[in-house]
Amino acid sequence: MPRGSDEPLVAGLAAGREEALAAAYARFARRLLAAAWGMLGSREEAEDAVQEVFLNLVRSRATLEHVGSLQGYLFTALRHAAVRRWSRRARDRAPADLGAAERAAAPDAAPAERAGRLERALQALPPEQREVVALKIDGGLTFAEIAAVLGTSINTAASRYRYALEKLRERLKEERT
């Protein structure tokens, strides 16, 4: 499978070159972090997930020669890291009180209230819809790229995104009334 412009970078990573790792980090870390934050709802967990992705990238360098798309590889690895964190979160603690942050906010913080409503609506989405939204909006991936990361069809990825947007609209409309 051709790697296109990723080929020299993947070759450098496979050879263990530090400059290749730095270049991959510079190129993808911001988008990975944004997508992880969207999927996990916590900056701390998102940072940990991205760190895990790059650590695993270094550890698995011997198998990188078969990577067709570095972006696809990294976002797939991020998805796996997020799933592990969701599982650990579900096992370790009860569901978080999603309204606690808003109750703690100042009453005159209208933008913060809107952000809180949006965050609660996002967190209320099923994980498979939340991850598509995060990959699309925060990660900047196309539906074809999302489908490859998730191992689904493009239509499934697009449908999950559409259903997520519908649920977000409904939830936000309910909270306004």
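Gap in Å between the Cα centre of the range 16-52 and the Cα centre of the range 111-138?
Centre-to-centre distance over Cα atoms comes out at 19 Å.
Once you keep just the Cα pairs under 8 angstrom separated by 6 or more residues, what percentage relative contact order results for the range 1-95?
Numbers: 73 pairs, mean separation 33.6, N = 95.
Once divided by the residue count of the range 1-95, the mean separation gives 35 percent.
Over the range 106-177, what is the relative contact order in whole percent, taking alpha-carbon pairs under 8 Å and six or more residues apart?
Details: 41 pairs, mean separation 25.7, N = 72.
Worked out over the range 106-177, it gives 36 percent.
Which of the peptides 74-81, 155-162 is most tightly packed, and how do the rest follow, judged by the mean count of other Cβ atoms within 10 Å per residue? Don't skip to the answer; put the middle values down first.
Working: 74-81: 22.1, 155-162: 17.2.
Per-residue Cβ counts within 10 Å, averaged per peptide and sorted highest first, yield 74-81, 155-162.
Hey, fewest Cβ within 10 Å first, where do S42, S87, S5 land in order?
Lowest to highest Cβ neighbour count: S5, S87, S42.
Please give the length that would be gained between A15 and E119 if that part of the chain were fully extended, namely 0.36 nm times their separation in residues minus their C-alpha to C-alpha distance (nm, one decimal). Write out the running numbers ahead of the final one.
Numbers: separation 104, 0.36 × 104 = 37.44 nm, distance 4.11 nm.
Net length gain for the segment: 33.3 nm.
Can you tell me how much longer the chain between T63 and H80 gets when fully stretched, taken as 0.36 nm per residue apart minus their C-alpha distance, in nm with one decimal? Please list the in-between numbers first.
Details: separation 17, 0.36 × 17 = 6.12 nm, distance 1.72 nm.
Net length gain for the segment: 4.4 nm.
On the first, second and third principal axes, largest extent first, how far apart are the outermost C-alpha atoms of the range 106-177 in Å?
44, 21, 15
Read the figures in this text as sums done on the coordinates, not as results from a lab. It should be emphasised that the depicted structure is a prediction, and the values quoted were computed from it without experimental measurement. Methodologically, a virtual Cβ is constructed for each residue, glycine included, from the backbone with ideal geometry; neighbour enumeration extends over all protein chains shown.
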